Amino acid sequence: MLDPSHHDPRARLLRLPSPALGVARGAYVYLPPEYAQAGRRFPALYLLRGHEREWVNPREDDSRGETTVIDVYERLRAADLIGPMILVMPGMSSDDNAVPGMLTDFRQPERAADAPGVGSGMFQRFFFADLIPAIDRSLRTIPAARAIAGFSLGGYMAVKAAALRPDLFVSVGVFDASIPYASDYGRAARPGDSIFAMPMFDPALGVPRDPAHLADQSPVVLLMRADPAAIRRIAWAVQYGPEHIEPWGSNFYRGEHLMRALRSLGVRNLAPVDAIPDGQHTWQVADRHIEQTLPIHWGALRAVLSVEC
């Protein structure tokens with residue numbers, strides 16, 4: 001069993017009170033060496049998955065080889081491929097990682113009443129109304145220079161966040177996201193989708209599932225509702241595993257579904273390749289995705305910084 005306390009010592013844990021949830025939530029943050037310079041502000045990249053430890057746990061799975069996303073970041077810094085930024089890795093699940101938050105205001109939070117760290121279950125409100133403002137107050141961020149990325153369900157949440165509030169993010173990175181399929185030209189969710197059917201989502205989605213609520217939680221439906229010009233202003237870097245290891249080794253078809261929606265909105269994928277040929281659904285490949293796409297995030301952030309300056 002993985003040790004949930006094992007994390008990269010270069011990251012520090014913040015405990016942030018959440019009025020929306022009624023409980024405190026955790027977020028690991030990594031500050032670049034330049035943060036020691038008093039008064040200087042930095043762009044921020046939010047990294048989503050589930051528990052706050054996952055991006056900074058070198059033993060999150062056996063593939064990782066005792067490294068974390070911070071090693072990826074520091075290698076790219078050493079190669080002068082990116083500049084200084086703050087990494088923010090918030091907890092978006094219960095404290096035991098058993099109940100996913102889904103960046104959703106829970107339909108039936110009472111189903112997770114015994115899960116530590118869920119509180120009211122208002123995870124969408126927590127993310128936008130509590131977390132982002134708290135990070136901007138607590139750290140010397142540049143609010144106009146904010147990026148977001150996620151792996152698996154974290155990719156689902158990253159796309160959902162950008163679709164709901166495209167004004168908040170300059171770039172979005174997605175690796176092998178758990179994207180539910182949409183139907184009716186992106187106007188409705190598929191109630192029978194195997195992702196939406198998972199029992200662990202019962203608190204967030206409710207039982208029985210309500211089609212209107214599912215549509216409100218569907219990243220593709222939300223993208224199709226959004227202002228296309230606002231979605232196009234974002235730099236998108238989407239990757240997923242290959243077709244030949246579907247359905248247990250990758251989310252290839254779900255990734256293709258997301259890309260079709262983005263292309264219909266006029267979005268060009270800036271990632272070097274859509275389907276990674278050996279892209280297993282593992283942390284080793286998730287970190288590799290970050291290595292390939294962090295310079296894309298930096299390019300979008302730097303463009304904002306040049307305007308701000």
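Contact annotation: residue pairs with Cβ atoms under 6 Å, 6 or more positions apart or on different chains, pairing a residue in the stretch 51-67 that is of a type in the set (Val, Ile, Thr) with a partner that is outside any loop (DSSP other than H, G, I, E, B), are 56/28. Condition check for residue 184 on (1) over 30 Å from residue 109 (Cα atoms); (2) open to solvent by 60 Å² or more (accessible area, probe 1.4 Å); (3) acidic (Asp, Glu): one failure, at (1). Restricting attention to the stretch 249-270, the residues that are open to solvent by 50 Å² or more (accessible area, probe 1.4 Å), in contact (Cβ under 8 Å) with a residue 24 or more places away in the chain and either assigned to a helix (DSSP H, G or I) or closer than 14 Å to residue 152 by Cβ (or both) total 1. Give me the pairs: first residue in the stretch 222-233 and of a type outside the set (Asp, Glu), second residue open to solvent by 40 Å² or more (accessible area, probe 1.4 Å), beta-carbon distance under 7 Å, and six or more apart or on different chains, which are they? Going by the 7 Å Cβ cut-off, the qualifying pairs are 222/164; 224/187; 228/266; 230/167; 232/266.
A Cβ distance below 7 Å, combined with a sequence gap of six or more or placement on separate chains, defines the contacts here; from the stretch 175-199, residues that are farther than 30 Å from residue 292 by Cα reach residues that are assigned to a loop (DSSP other than H, G, I, E, B) and aromatic (Phe, Trp, Tyr) in the pairs 189/196; 190/181; 193/181.
The values are calculated or read from the model by the stated rules, or taken from the named source; none is laboratory data. Nothing here was measured: the structure is a model prediction, and the numbers come from that model. When we count neighbours, we look across all protein chains shown, and the Cβ atoms used for this are built from the backbone with ideal geometry, even at glycine. These area figures cover heavy atoms from the full protein model, side chains too; ligands, DNA and RNA do not enter into them. Shrake-Rupley method; radii C 1.70, N 1.55, O 1.52, S 1.80 Å.
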